[in-house]
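Written below as structure tokens is the structure these notes are about.
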Amino acid sequence: MRLLKFVFRTLPFIILFTHTLASAQQTASATPSTAHADAWPQFRGNASLTGVSDTTLPAKLTLQWTYEADEAIDSSAAIVDGSVYVGTWAGTLIALDLETGAERWTYSTGDMGIGESSPAVAGGLVFIGDLGGVFHAVDTETGVARWTFETMGEIKSSPVIVGDRVLIGSYDGYLYALAIADGTLAWKYETLNYVHATPAVWNGVAYFGGCDELFHGVRVSDGQEVVSISATAYTAASPVITDGKVFFGTFNNEVVGLDLTTNELVWRYEHPRRHFPFYSSALATQDTIVIGGRDKMIHAIDQQTGAGKWTFTTQARVDASPAASGNRVYAGSSDGRLYVLDLSTGEKLWEFDTAAPLVASPAIAQSRLVIGSEDGVLYCFG
């Protein structure tokens with residue numbers, strides 16, 4: 001293999017790119033895993049973090065059930081094989097029946113809570129990180145821990161399943177790759193600050209923004225850095241990858257699009273009047289990027305040009321990440337409302353007031369939408 005190094009500038013970005021030419025054949029551990037078609041097995045639904053579901057939801061949602069947890073829910077749910085998995089600030093991982101909301105089991109992570117880390121499900125295990133820096137692998141049937149792995153910082157990143165490995169970031173500054181079966185460390189990649197974002201995987205590379213104001217690409221097979229992008233801005237939002245392009249919001253009040261095949265800046269989007277950070281992770285449909293902002297707005301952006309298509313204004317900041325099914329966008333806001341918007345126009349089609357801030361993102365699968373609130377209530381709509 002021959003190592004190529006590219007350096008180019010597209011102000012205000014400086015992109016330092018190192019890429020190893022690999023064979024066309026990808027190893028199993030470098031291929032994003034897939035669950036059965038109608039599942040939401042991890043944060044944003046899949047390893048590319050697109051936030052798009054293939055399931056069909058009714059035009060007007062109906063509340064199916066609620067579950068009162070022991071503390072606030074910032075964790076986004078996973079939905080697999082008729083079960084819902086979600087974490088709480090009390091440090092409880094909960095498994096529920098999707099149809100009835102009945103509790104199947106609970107698992108305690110100990111004294112430390114579960115913040116924004118959202119569960120991922122694979123190989124009969126559900127994975128989640130806690131604020132004490134411990135990463136847990138729990139049996140989906142029994143709710144008993146199979147193994148744990150300790151990092152040296154809080155875990156707010158969500159796990160991503162890639163073949164026989166699970167990736168997780170920590171506030172100790174590392175991205176870890178662990179064996180799903182037993183938690184054996186495959187490699188760890190060091191950044192210069194916290195790893196808050198969840199990595200998105202494409203073509204055998206995990207891409208994520210760090211709190212070191214860099215955007216990283218790390219080869220899943222061996223932990224080798226292949227991309228380093230300086231955006232001169234703190235990046236907490238997780239990226240989304242579609243059609244070889246990556247999109248992410250920054251604390252520099254903009255959304256960025258990069259072409260991962262040419263390593264060129266595609267566009268930058270910033271609202272012409274309202275300049276607030278983007279903490280939400282974007283969703284990507286075939287032609288539109290949708291993202292929430294701390295300007296209280298939900299923004300729809302043309303994927304090809306970076307031009308704004310529409311905005312929808314809520315009554316509080318939107319840190320939750322939107323999801324999509326069909327031609328509808330589902331988004332929570334810190335104003336406590338779950339909104340359903342027309343993807344093409346941004347027109348409000350429906351809303352539901354939970355009376356508590358929504359920081360968690362919707363999970364959509366098996367004709368159900370599940371979302372948790374800051375007052376510890378988990379809602380299931382269908």
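Structural remarks
- Restricting segment 95-115 to residues that are of a type in the set (D, E) and in a loop (DSSP other than H, G, I, E, B), the residue that is farthest from G153 (Cα to Cα) is E99.
- The residue that is farthest from S76 (Cα to Cα), among those in segment 309-326 that are under 22 Å from the mean Cα position of the chain (by Cα) and among the hydrophobic types (A, V, I, L, M, F, W, C), is F312.
- The residue that is nearest to V52 (Cα to Cα), counting only those in segment 340-376 that are in contact with a Phe, Trp or Tyr (Cβ under 7 Å, 6 or more places away or on another chain), in a loop (DSSP other than H, G, I, E, B) and of a type in the set (V, I, T), is T345.
- All of G169, G129, G173, G163 fail the test of being at pLDDT 95 or above, buried (at least 22 other Cβ atoms within 10 Å of the Cβ) and within 20 Å of E225 (Cα to Cα), apart from G169.
- Exactly one residue out of S29, S23 is more than 13 Å from A363 (Cβ to Cβ), modelled with pLDDT under 90 and in contact with a Ser or Thr (Cβ under 8 Å, 6 or more places away or on another chain): that is S29.
- Scanning segment 327-354 for residues that are under 22 Å from the mean Cα position of the chain (by Cα) and more than 17 Å from L283 (Cβ to Cβ) turns up S334, D335, G336, R337.
- Criterion applied to T66, T92 was being over 29 Å from L341 (Cβ atoms) and of a type in the set (S, T, Y), and the one residue passing it is T92.
- Test: residue in segment 181-188 that is aliphatic (A, V, I, L, M), crowded, with 20+ Cβ neighbours inside 10 Å and in contact with a strand residue (DSSP E or B) (Cβ under 8 Å, 6 or more places away or on another chain): no
- For segment 116-168, the strands (runs of 3 or more DSSP E) that sit wholly inside it and include 2 or more residues that are β-branched (V, I, T) are 125-129, 134-139, 160-162.
- With respect to the stated conditions, R274 fails to be farther than 26 Å from A324 by Cβ and either in contact with a strand residue (DSSP E or B) (Cβ under 7 Å, 6 or more places away or on another chain) or modelled with pLDDT under 95 (or both).
- The strands (runs of 3 or more DSSP E) located wholly in segment 282-323 that include 2 or more residues which are crowded, with 23+ Cβ neighbours inside 10 Å occupy 288-292, 297-302.
The values are calculated or read from the model by the stated rules, or taken from the named source; none is laboratory data. What you see is a predicted model; the values in this text were computed from it and never measured. Every residue, glycine among them, receives a Cβ derived from its backbone with ideal geometry; neighbour counts consider all protein chains shown.
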